[in-house]
Amino acid sequence: MDFRKHLSNIPGWRTNRKLVIFESDDWGSIRTRSKFDFNSMLEKGVNVDNSNFTRFDCLESDYDLERLYNLLSKFKDRGGNHPVFTPMCVVANPDFEKISNAGFSDYFFESFEETCKRYPNSNKVVELWNKGVKENLFVPEFHGREHLNALRWMRALQEKNPGVLTSFEHQSIGGSKFKGEPIPEYLAAFDPQFEEDIEKFKQVLISGAEIFYKVLGYKPRHFVASNKPEPKELEETLSQIGVKYLIRYKLQQYPKGNGKTTKELNWLGRKNTHGQIVLTRNSGFEPSDISETDWVSTCLNDLATSFFWSKPAVISTHRVNYVSGIDQKNADSGLFALEKLLTEILRNWPDVEFVTSSSLGAIIMGEMQK
């Protein structure tokens, strides 16, 4: 028995309903551009082979989404609802050509739609995102504008960091070391290096929300920052762009820049000063990560703990588990594991209900207002 998981499930909102939520981060973002780029970066000294994210993760293809939808459509809960992913999406990526042409003097980005047009197997991804919403299989929420901290990234490029420059040449992001030397961390989109970065992050959120609305036709309702938490000061801006629900750690550390942080205790259903509801993840399912040998059993145990404490099961499962652009076998094994997991969930708990993160937030908010 994992006593820590039991303890972490005790505080906060409770329900007799067995709610299951799949939250899946990183959709819409580039990572490693292609198998060719992976091999080339590895040969040049970028350690893209030591993490499942740099080893397998890439922009989703039409094929990846179609396969995921086909699998989810095979299953239904007792109310006739299919399992539904809440993909935490970014809606823009760096415009490598413009940044290069400007001599790294300024940052430029392109919308997610433009990125998809440049990738040969992703020209229908935007259409498929919207199909997923319509069929309640894949209902995007907000992970930020890009899955990178443009301020930190541009500083590293301007300083001619060899690891960052090598990845840039391959229109890829990620990698923690270059020829054994650490590469500056820049994937945490809202982790301020300096206090003054926080004001610039507010504009990133506003412009990202505008693109999100253009792509999907609704405002973002739910948010989780990429890689590391965002500053506390951004909650007001998030509220202004429509976000009602926020993912938080139980003990949240908010960055303030210059290496400073503030801490806050959080729990499921906590309401902040802007009326936003805190959601917490309590399960994991990452079959592309070989550090765990049996992700299905681990996730089922997490669900059993959640339901024991009358909590919804909020499962974290990243995009990397389901994409095939770098390695087809990765997606095959991820989907195989997901099918097994869904089969076992319905066998063990036939009364489960599959809902989105925003639906969970609305359920909690509705009960609190009674």
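The values are calculated or read from the model by the stated rules, or taken from the named source; none is laboratory data. Predicted model, so just to flag it, every value in this text is computed and none were measured. Neighbour counts are summed over all protein chains in view; Cβ atoms, including those assigned to glycine, are modelled from backbone coordinates with ideal geometry.
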| said: Being touching a Leu at 6+ places or on another chain (Cβ under 9 Å), surrounded by 14 or more Cβ atoms within 10 Å (Cβ to Cβ), aliphatic (A, V, I, L, M) and more than 24 Å from PHE53 (Cβ to Cβ): is that true of VAL133 here? | reply: yes
Taking region 328-357 and keeping residues crowded, with 20+ Cβ neighbours inside 10 Å and touching a strand residue (DSSP E or B) at 6+ places or on another chain (Cβ under 8 Å) leaves ILE345, VAL352, PHE354, VAL355, THR356, SER357
Q: Could you check, for region 346-354, whether at least one of its residues is more than 30 Å from GLY269 (Cα to Cα), at pLDDT 95 or above and more than 22 Å from the chain's Cα centre (by Cα)?
A: no
Note on region 39-54: residues of a type outside the set (A, V, I, L, M) and either within 27 Å of GLU127 (Cα to Cα) or buried (at least 24 other Cβ atoms within 10 Å of the Cβ) (or both) are PHE53, THR54
Filtering region 35-66 for residues that are among the charged types (D, E, K, R), within 24 Å of VAL314 (Cβ to Cβ) and part of a helix (DSSP H, G or I) leaves a count of 1
Here the residues within region 201-221 that are surrounded by fewer than 22 Cβ atoms within 10 Å (Cβ to Cβ) and in a loop (DSSP other than H, G, I, E, B) are GLY217, TYR218, LYS219, ARG221
### Message
Just to be sure before I move on: is GLU141 surrounded by 21 or more Cβ atoms within 10 Å (Cβ to Cβ) and among the charged types (D, E, K, R) in the structure I sent?
### Response
yes
Those residues of region 20-38 which are crowded, with 23+ Cβ neighbours inside 10 Å, more than 30 Å from ARG347 (Cβ to Cβ) and among the polar types (S, T, N, Q) amount to SER29, THR32
Among strands (runs of 3 or more DSSP E) entirely inside region 69-178, those with 1 or more residues being closer than 30 Å to ASP351 by Cβ, in contact (Cβ under 8 Å) with a residue 24 or more places away in the chain and within 18 Å of the chain's Cα centre (by Cα) are 85-90, 141-144
Among the residues of region 222-280, the number that are in a loop (DSSP other than H, G, I, E, B) and under 15 Å from PHE142 (Cα atoms) is 13
With the condition kept exactly as written, say whether any residue in region 235-253 is among the aliphatic types (A, V, I, L, M), buried (at least 16 other Cβ atoms within 10 Å of the Cβ), free of Cβ contacts under 8 Å to residues at least 60 places away in the same chain and closer than 21 Å to ASN9 by Cβ. yes
Scanning region 1-35 for residues that are closer than 18 Å to ALA331 by Cβ, over 15 Å from the mean Cα position of the chain (by Cα) and not β-branched (Val, Ile, Thr) gives ARG33, SER34, LYS35
Expected output for region 1-15 (first residue closer than 12 Å to ALA304 by Cα, partner of a type in the set (D, E, K, R) and part of a helix (DSSP H, G or I), Cβ below 8 Å, 6+ apart or cross-chain) is LYS5/ASP302
For this session: Evaluate the following for THR298: is it within 23 Å of GLY144 (Cβ to Cβ) and of a type in the set (S, T, N, Q)?
Result: no
On the basis of being among the hydrophobic types (A, V, I, L, M, F, W, C), within 15 Å of VAL320 (Cβ to Cβ) and more than 21 Å from the chain's Cα centre (by Cα), does PHE53 make the cut? no
(message) Kindly evaluate GLN369 against the criterion of being of a type outside the set (Lys, Arg), at pLDDT below 95, more than 24 Å from ASP77 (Cβ to Cβ) and surrounded by fewer than 22 Cβ atoms within 10 Å (Cβ to Cβ).
(response) yes
Filtering region 281-312 down to residues that are part of a loop (DSSP other than H, G, I, E, B), closer than 16 Å to LYS340 by Cα and either in contact (Cβ under 8 Å) with a residue 60 or more places away in the chain or aromatic (Phe, Trp, Tyr) (or both) yields PHE285, GLU286, SER288
Query raised in the report: Has region 192-200 got any residue that is surrounded by 20 or more Cβ atoms within 10 Å (Cβ to Cβ), at pLDDT 95 or above, within 30 Å of VAL278 (Cα to Cα) and among the aromatic types (Phe, Trp, Tyr)?
Result: no
Checking LEU19, LEU65 in turn, the sole residue that is of a type in the set (A, V, I, L, M), in contact (Cβ under 8 Å) with a residue 40 or more places away in the chain, over 18 Å from LEU360 (Cβ atoms) and in contact with a helix residue (DSSP H, G or I) (Cβ under 8 Å, 6 or more places away or on another chain) turns out to be LEU65
Flagged in region 81-139 as of a type in the set (Lys, Arg) and closer than 22 Å to ALA188 by Cα, in numbering order, are none
- Item | Condition met for THR54 (of a type in the set (Ser, Thr, Tyr) and closer than 21 Å to ASN348 by Cβ) | no
